[in-house]
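Take a look at the structure set out below.
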Amino acid sequence: VSQQLARILVDANKARTTGAKLKLFSRLRLRDLMPVPPAVAEYSTGLRMGDTAEQMAKTYGITREQQDALAHRSHQLAAKAWSEGKLADEVMTAYIPPFREPLVEDNNIRGTSTLEDYAKLRPAFDRKHGTVTAANSTPLTDGAAAVILMTESRAKELGITPLGYLRSYAFTAIDVWQDMLLGPAWSTPLALDRAGLTLSDLTLIDMHEAFAAQTLANVQLMASERFARDVLGRTHATGEVDQSKFNVLGGSIAYGHPFAATGARMITQTLHEVR
């Protein structure tokens, strides 16, 4: 909803009389009722996610070449996953206007792209000194995904064989004015502790690739003893991320990022690959 409508709804909830509520709603104009598309900027700071990714690239010394290499890897692995038929059983065919050709697989994957192609693009956020481009960022795409979550006992009642089990999870809060895309570096050690596991115990590791810079920063800090000690207050680093286990089917840079659906897509792909 628009900011004006949001403010009026909050104030109306506090109003004590019908007259006071009607007075508030009388301020609304037609434009205030128009749908507002999802914003890629953080509501509190006004910073776009790309601005934060640029900030992280500069803070942690992540180069343009490193970002482009990760993006290229993501597309190559995603293209390979499709060519080997690994995704066919978990992706549904979609029919979109004008309904002449069905959409049977992801159409954002650039399997034939080269590193030279990535190098040609200009920075998307910091035009003069930036390293984050459209090619090493996840695109906003249309998509949907679903995961059925239930107790094991209920699954047995229904005769359903689980793809996997939820062993632990963790939430962390990060200062929005700083590197707010560092969720994995903060949450992973907590989730591992609760599961009684270490990073090296994991068979596969899948991380949302919002931006190559963000992904590389998280991987770097998970291996950092200094970050663990000085920021997380822990005695040792989470661990080095084994690249042979990491985003093995490609990631969001290749598949795209339909808001809210990405997590379910990642879970589904990883569970099928573990099998």
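We did not get these values from a lab; they are worked out from the coordinates using the rules stated. Remember, predicted model here, so these are calculated numbers, not experimental data. Cβ placement follows ideal geometry from the backbone for every residue including glycine, while neighbour counts extend to all protein chains displayed.
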In this structure, the FRET efficiency calculated for H129 and L158 from their beta-carbon separation, with R0 = 35 Å, to the nearest 0.05, is 0.05
What helix-only [θ] at 222 nm does the chain give? Using -39500 (n - 2.57) per DSSP H run of at least 4, over all residues, to the nearest 500, the answer is -11000 deg cm²/dmol
Square roots of five times the C-alpha gyration tensor eigenvalues of region 50-274, ordered largest first and given in whole Å, equal 28, 26, 15
Pseudo-spin-label distance Q4 to E65, built 7 Å along Cα→Cβ, given in nm, is 5.3 nm
Of the listed pairs K58/K120; K128/K245; K80/K245, those with alpha carbons more than 26 Å apart are K128/K245
Stokes-Einstein, Kirkwood over Cα pairs, region 76-206, 4 °C, 1.567 mPa s; D in µm²/s equals 66 µm²/s
Normalised Cα Rg of region 129-258, dividing by 2.2 N^0.38 Å with N its residue count, works out at 1.21
Taking placed amide H atoms and a strict 5 Å upper bound, the residues 5 or more places from R234 or on another chain that come that close are R229
Counted neighbours (other Cβ, 10 Å), sorted fewest up, put S137, S187 in the order S187, S137
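Classify region 1-46 as rounded, prolate or oblate, taking a ≥ b ≥ c as the square roots of the eigenvalues of its Cα gyration tensor: rounded when a/c is under 1.5, otherwise prolate if a/b is larger than b/c and oblate if not. Working shown, then result.
Details: a/c = 3.88, a/b = 1.87, b/c = 2.07.
Since a/c reaches 1.5 but b/c is at least a/b, the shape of region 1-46 is classed as oblate.
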Taking only the alpha-carbon atoms of region 192-275, the convex hull volume per residue, in cubic angstrom, is 114 Å³
Expressed in angstrom and rounded, the centroid-to-centroid distance over alpha carbons for region 111-151 and region 216-235 is 25 Å
